[in-house]
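The values are calculated or read from the model by the stated rules, or taken from the named source; none is laboratory data. Computed from a predicted structure; not experimentally measured. Cβ placement follows ideal geometry from the backbone for every residue including glycine, while neighbour counts extend to all protein chains displayed.
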Amino acid sequence: MSDLYPLRLHPEFYERVWGARSLAPIYSREITGKPIGEVWLTGESCRVANGPLQGASLAELSHDFGATLIGESAPHQTRFPLLIKFLFPQDKLSVQVHPDDEDAARAGQPCGKTECWYVLHAEPGSQIGLGLKPGTTKIEVERAIRETRLEQLLNWIDVRAGDLIYVDAGTVHAIGPGAVIVETQQNSDTTYRLYDYGRPRELHIHEGLQATKEQTHAGKVEKQPVHSESGKSQVNLVTSPCFIVDKFSLSKTWEFRRPGHAKRSVWCLVATRGSGVMMAEGTEPVSFNSGEVVVVPACVDRFTLKPQWELEFLCSSLPVEQVEHPKTTLLEVTAGVAR
């Protein structure tokens, strides 16, 4: 019998030049130093906040428990597969690109970095730069970097609360200011910075151009129907080869059971609004609030969630069978004009 149970993790706060000093509406903590841009929820150094394993890091637990924690569908059986973050951009992020699994392996990295962004909140006019404009070549990208105009070659698209943006590895991209984003990605921090608007930070032009793909699957994911029952609603935000993200809203106690798949996956529950209490057999209840994550090990067959008035959360997991890239839209068409 496993010694594992649902694990609430302490988030880690990271300073970024493009970050914010207000992390509302997710966190109420006062930021007195440099701005915070990223809050890592399932980083390998994040530590357990509850129960007998309190203080252990996610990396240590993944190494010690393997598939019992992360599930048989994980690509590496002793390494946590998903990195989940909150992003708080108040300035443009650099124009960057991430390697795919093959490029990462050649560079000695454990995996590439395909990611997705769920937009929690967005001020009017919030935009992201996603992919190269149709017909743009790598030669043109390199020239635009030298001429300090690379941002002009991106598709800048408006984002609104509720959008899910899919960014497969090899997509040149940037995030503009004004949105609060939940990022779910392969567990990689490999970023090649191609362009940074003149800010004095290191660029990785050679590696970035090698990783760049002129055409990718990136875009806004096609919205799926919401499934509602009394006290519970559920919608799939994205299903992809690297991760699945579902959104849940609860207004009454609900029991969750694993489906009968041959393979299993870890589940990562990120509270985005409200709070709740998770109860599982043989362990103490664990409370979690907006901005916190509970990692449900693959060995936990069922658990009950009791919202404290109301609970909204995202559940990120791995696909347990082979799936394709999601259907996306990159350029919206309005009155016959692509924009």
| Top-ranked residue in segment 47-61 [being surrounded by 15 or more Cβ atoms within 10 Å (Cβ to Cβ) and touching a residue at least 40 places away in the same chain (Cβ under 8 Å); ranked as farthest from Asn289 (Cα to Cα)] | Leu61
| request: Sort out which residues of segment 208-241 are more than 20 Å from Cys315 (Cα to Cα) and not in a loop (DSSP other than H, G, I, E, B), and write them in order of number. | output: Gly208, Leu209, Gln210, Ala211, Gly219
| task | Find the residue count for segment 170-197, including only residues that are more than 24 Å from Ser45 (Cα to Cα) and hydrophobic (A, V, I, L, M, F, W, C). | result | 5
| query | Which of the residues spanning segment 185-222 are modelled with pLDDT under 95 and of a type in the set (Phe, Trp, Tyr)? | reply | Tyr197
| said: Which of the numbered conditions does Cys111 fail, given that it passes all the others? Conditions: (1) without any contact (Cβ under 8 Å) to a residue 24 or more places away in the chain; (2) out of contact with any Leu (no Cβ under 6 Å at 6 or more places or on another chain). | reply: (1)
| said: With the structure loaded, tell me whether Val119 is over 27 Å from Arg264 (Cα atoms), crowded, with 16+ Cβ neighbours inside 10 Å and within 16 Å of the chain's Cα centre (by Cα) or whether it fails that test. | reply: yes
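Would you confirm, using the coordinates I've provided, whether Ala169 is closer than 28 Å to Pro200 by Cβ, of a type in the set (A, V, I, L, M) and assigned to a loop (DSSP other than H, G, I, E, B)? Walk me through how you get there before you give the answer.
On the way: closer than 28 Å to Pro200 by Cβ: yes; of a type in the set (A, V, I, L, M): yes; assigned to a loop (DSSP other than H, G, I, E, B): yes.
Against the criterion (closer than 28 Å to Pro200 by Cβ, of a type in the set (A, V, I, L, M) and assigned to a loop (DSSP other than H, G, I, E, B)), Ala169 qualifies.
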| said: When you scan segment 147-154, do you find a residue that is touching a residue at least 60 places away in the same chain (Cβ under 8 Å) and not hydroxyl-bearing (Ser, Thr, Tyr), even just one? | reply: no
| note | Among Cys116, Cys111, the single one that is part of a loop (DSSP other than H, G, I, E, B), at pLDDT 95 or above and closer than 24 Å to Leu318 by Cα is Cys111
| Scan of segment 242-276 for residues that are loosely packed, with under 14 Cβ neighbours inside 10 Å and outside any strand (DSSP E or B), ordered by number | Lys252, Pro259, Gly260, His261, Ala262
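Could you identify the single residue in Leu237, Leu250 that is within 14 Å of the chain's Cα centre (by Cα) and not aromatic (Phe, Trp, Tyr)? First the steps, then the outcome.
Numbers: Leu250 fails: within 14 Å of the chain's Cα centre (by Cα).
None of the others qualify; the one that does is Leu237.
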| said: Based on this model, can you work out whether Thr239 counts as exposed (fewer than 14 other Cβ atoms within 10 Å of the Cβ) and either within 30 Å of Gly135 (Cα to Cα) or aliphatic (A, V, I, L, M) (or both)? | reply: no
| task | Identify the single condition in (1) crowded, with 20+ Cβ neighbours inside 10 Å; (2) farther than 13 Å from Phe86 by Cα that Thr42 does not satisfy, given that it satisfies every other one. | result | (2)
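Would you point out which residue out of Leu311, Leu330 is crowded, with 21+ Cβ neighbours inside 10 Å and either in the same structural domain as Val182 (by TED's automatic domain parsing) or more than 16 Å from Leu7 (Cα to Cα) (or both)?
Values: Leu330 fails: crowded, with 21+ Cβ neighbours inside 10 Å.
The unique qualifying residue is Leu311.
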| message | Looking only at segment 80-113, count every residue that is over 21 Å from Asp196 (Cα atoms) and among the polar types (S, T, N, Q) and tell me the total. | response | 1
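Identify all residues within segment 281-325 that are in a loop (DSSP other than H, G, I, E, B) and under 18 Å from Lys252 (Cβ atoms); write none if there are none. Walk me through how you get there before you give the answer.
Residues of segment 281-325 in a loop (DSSP other than H, G, I, E, B): 281-285, 290-292, 297-301, 318-325.
Answer for segment 281-325, where residues must be in a loop (DSSP other than H, G, I, E, B) and under 18 Å from Lys252 (Cβ atoms): just Pro285.
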